[in-house]
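Take a look at the structure below.
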Amino acid sequence: MIDFRSDTFTRPSHGMLQAMNSAEVGDDVFGEDPTVNKLEAIMADYFGKESALYCPSGTMSNQIAINVHTRPGDEVICSNLAHVYVSEGGGIAFNSGAQVQTLVGDRGLITAAQVQAAIQPDDVHKPHTSLVSLENTSNFGGGCCYNMQDILDISAVCDQHNLALHLDGARLFNALVATGQDPKVYGQAFDSISVCLNKGMGCPMGSVLLGSREFIKAARRVRKKLGGGMRQAGYMAATGIYAMENNIGRLTEDHLHAKQIAAVLREKSFIGEFLPVETNIIIFEVKGRFTPKDLTAYLKDEGILVIPISPTQVRMVLHLDVTPEMVERTCKVLAAL
């Protein structure tokens, strides 16, 4: 099967398996796993942050960050399409007792002016705005990327109002490769960054939360409370080190493959609105003789897996387990429809 449902469906390559097998490990809860410590140091240095914390998942690293940055009753500003709001099980309310004010941006990308207007006044009747959370790339925005100046403008508004700024960087490496932006500028702009390793980077699991030493110290305590303390986690952390050394540059191939498939889809009469393809995600409207479920079922019979994400839309995600030959096969199947 050619699996476009998500870039989380990858399996470790031979080189990654070798890295896992040869990893030096210890007890990470005691801070004694050398491979985890090495991964955290690599990630902190890459983004120019003081410290880092290895977590089992991106959802956990996001939720830890939100918990550290807020108090119960606070308000978090984010896009209405943000993963922290849409796809983390109500975790902001459940874990932190905070509420959310959502903003409707361009494909999930919000602006400094919107943030400025959404900040609550100093009024006992209102919640206290304490955190702004951005997502890059925007998953439900079709993998679109923030312009760096827009990020810096939002960061300036947060500084002006003493708000923390968090980045859900689930596919941040896709954004960095597509735009050529400097990761250390991200480290300067954001108070905390969550970087997922099991999406485009191809790891079986894992996310790294980045911030100041004081922030990560608090985050480590929250991770413990959430049951996220791991023991010989170096076997998994080794995959992150391998990915950092081998899998960043190749993301351009995924982006190219996405554009190739999108070009074929755009020619079909049953395809409606099409989100711009900037990275490895394709989101398109299905209409006419197909519904998203019909098209998904037809493609499955052809050995191609996609996912309907709404009553009108289908999503396809490219990743390192999709070869050029698989892309060629997919394009032929779609062209014949």
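The values are calculated or read from the model by the stated rules, or taken from the named source; none is laboratory data. All values reported here derive from a predicted model rather than from experimental measurement. A quick note on method: Cβ atoms are made from the backbone with ideal geometry, for glycine too, and the neighbour counts reach across all protein chains shown. Calculation scope for accessible area: heavy atoms of the full protein, side chains included, ligands and nucleic acids excluded. Shrake-Rupley method; radii C 1.70, N 1.55, O 1.52, S 1.80 Å.
One table, with the values for the structure above:
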read-out	value
Selection from G240, H166, P292 lying farthest towards where the dipole of the chain points positive, charges on Cβ	P292
Taking the chain and dividing mean pair separation by its residue count, relative contact order in percent (alpha carbons under 8 Å, at least six apart)	25 percent
Most to least packed among 292-301, 214-223 [average Cβ atoms within 10 Å]	214-223, 292-301
Rg over Rh, two decimals, the stretch 178-334 (C-alpha only, Kirkwood Rh)	1.06
Principal axes of the chain: Cα extent on each, largest first, Å	58, 53, 34
Ellipsoid semi-axes in whole angstrom, largest first, where each is sqrt(5λ) of the Cα gyration tensor of the stretch 102-226	24, 20, 13
Pairs of lysine residues in the stretch 181-337 - Cα separation under 18 Å, sequence separation of 8 or more or cross-chain	7
Ordering of 96-103, 129-136, 2-9, 313-320 by packing [mean C-beta count within 10 Å, highest first]	129-136, 313-320, 2-9, 96-103
Å² per residue, accessible surface of the chain at 1.4 Å	43 Å²
Cβ crowding within 10 Å averaged over residues, with 43-53, 195-205, 268-278 ranked highest first	195-205, 43-53, 268-278
Value in Å of the Kirkwood radius, where the stretch 54-126 supplies the Cα pairs that are averaged	13.0 Å
Solvent-accessible area, 1.4 Å probe, carbon plus sulfur percent, for the chain	50 percent
